Amino acid sequence: MKRTLQSLMLGSCLALTQGCAATSNSFTFTADLPPDFAYVASVYYVPAKGQTCTVPRADNRVPQFNREWRTEYKPDAQIEIRRTRKGCELVIDYVELEINATYGKDWGDLGREYARVSVREELPEAFKGTFNAAGEGEFSGQCQWLFRTSGGLRRLVKILDCKKTDASGELLKTRPFAAYTLDELPGKTVKMKIKLADEERPYMKDTWVKVSGGWKRCMGESFEDQDAFCFGNYKDFSTFRMPGGRICTIYPGCTEDKELTP
């Protein structure tokens, strides 16, 4: 009778979402991202502490969330903390977060960066993530678009650069990152909060010149010059082709309403 009562209590606890975090074997990962952003989460597992077993990669496949992010994106992912493969007890090691952002309609009009959530048995307090009374933990970052031209048509392309921000919003040198211990994760929610910088900037120095309305692209030695550094020439500029085909002389404040020739 005692064993039956304990089983009933355990079953009831598993069915609840609050007050039974110790019985949960998962946590929720979610993200607050700018428009046209999405993440892909890849979860990696290693043998638990004290285990001497190993599991081949074929039997320890990496679960992915939002793999088809262009068509089936969901901000919430329920991530398993412990699992067993081939009789070997595994625990989560880290979650690799691929941050994807689109800036045009073509398949390649895409910027990509990475973030990570690491999980350890123990962590120094300075590196340990925290949770509020509702069981929610959060880490933040800021992404910025860096623009350049590419190819013989000088097509404008963008590179995504993301950095971690501290509690005061100051940019740090590392990518967005958080770390938690195994025993604090069950039943909790971890959120990655990313904001987009208000302004974009050139990817390479001395290739664009700041003017009213945006930036002008230095001509370089000729239109065919792929690097086209200014080298002190701030009078000769070139056109460039926007995603979608529009030809402009200033980015982002393009005022041309018809195609130009280089």
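The values are calculated or read from the model by the stated rules, or taken from the named source; none is laboratory data. Since the model is a prediction, treat every value here as computed from it, not as a measurement. Methodologically, a virtual Cβ is constructed for each residue, glycine included, from the backbone with ideal geometry; neighbour enumeration extends over all protein chains shown.
So the values come out like this:
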| read-out | value |
| --- | --- |
| Residues within segment 227-244 that are in a loop (DSSP other than H, G, I, E, B) and either in contact with a Cys (Cβ under 7 Å, 6 or more places away or on another chain) or without any contact (Cβ under 8 Å) to a residue 60 or more places away in the chain (or both), tallied | 12 |
| Count of residues meeting criterion [of a type in the set (S, T, Y) and more than 24 Å from R112 (Cβ to Cβ)] in segment 128-173 | 2 |
| Condition check for L156: touching a Lys or Arg at 6+ places or on another chain (Cβ under 7 Å), closer than 30 Å to Y103 by Cβ and either surrounded by 18 or more Cβ atoms within 10 Å (Cβ to Cβ) or without any contact (Cβ under 8 Å) to a residue 12 or more places away in the chain (or both) | yes |
| Test: residue in segment 161-168 that is at pLDDT below 95, surrounded by fewer than 17 Cβ atoms within 10 Å (Cβ to Cβ) and not hydroxyl-bearing (S, T, Y) | yes |
| Hits in segment 110-131 - residues which are closer than 30 Å to I159 by Cβ and of a type in the set (D, E, K, R) | R112, E113, R116 |
| Residues located in segment 76-92, provided they are within 30 Å of W107 (Cα to Cα) and exposed (fewer than 15 other Cβ atoms within 10 Å of the Cβ) | D76, Q78 |
| Selection within segment 29-62 - over 17 Å from the mean Cα position of the chain (by Cα), on the phi < 0 side of the Ramachandran plot, surrounded by fewer than 18 Cβ atoms within 10 Å (Cβ to Cβ) and not β-branched (V, I, T) | P47, A48, K49, Q51, C53, P56, R57, A58, D59, N60, R61 |
| Segment 191-202 residues that are buried (at least 17 other Cβ atoms within 10 Å of the Cβ), paired with ones that are not in a strand (DSSP E or B) (beta carbon under 7 Å, 6 or more apart) | M192/P176; I194/L33; I194/P34; I194/P176; L196/P34 |
| Lone qualifier among R112, R82 - being in contact (Cβ under 8 Å) with a residue 40 or more places away in the chain, in contact with a Phe, Trp or Tyr (Cβ under 9 Å, 6 or more places away or on another chain) and under 30 Å from D59 (Cβ atoms) | R82 |
| Scan of segment 123-147 for residues that are over 17 Å from the mean Cα position of the chain (by Cα) and either modelled with pLDDT of 95 or more or within 18 Å of F27 (Cα to Cα) (or both), ordered by number | K128, G129, T130, F131, N132, A133, A134, G135, E136, F147 |
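Matching residues to (1) within 24 Å of P176 (Cα to Cα); (2) β-branched (V, I, T); (3) out of contact with any strand residue (DSSP E or B) (no Cβ under 7 Å at 6 or more places or on another chain):
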| site | (1), (2), (3) |
| --- | --- |
| S26 | yes, no, no |
| V55 | no, yes, no |
| N66 | yes, no, no |
| K74 | yes, no, yes |
| I92 | yes, yes, no |
| L97 | yes, no, no |
| W107 | no, no, yes |
| R112 | yes, no, no |
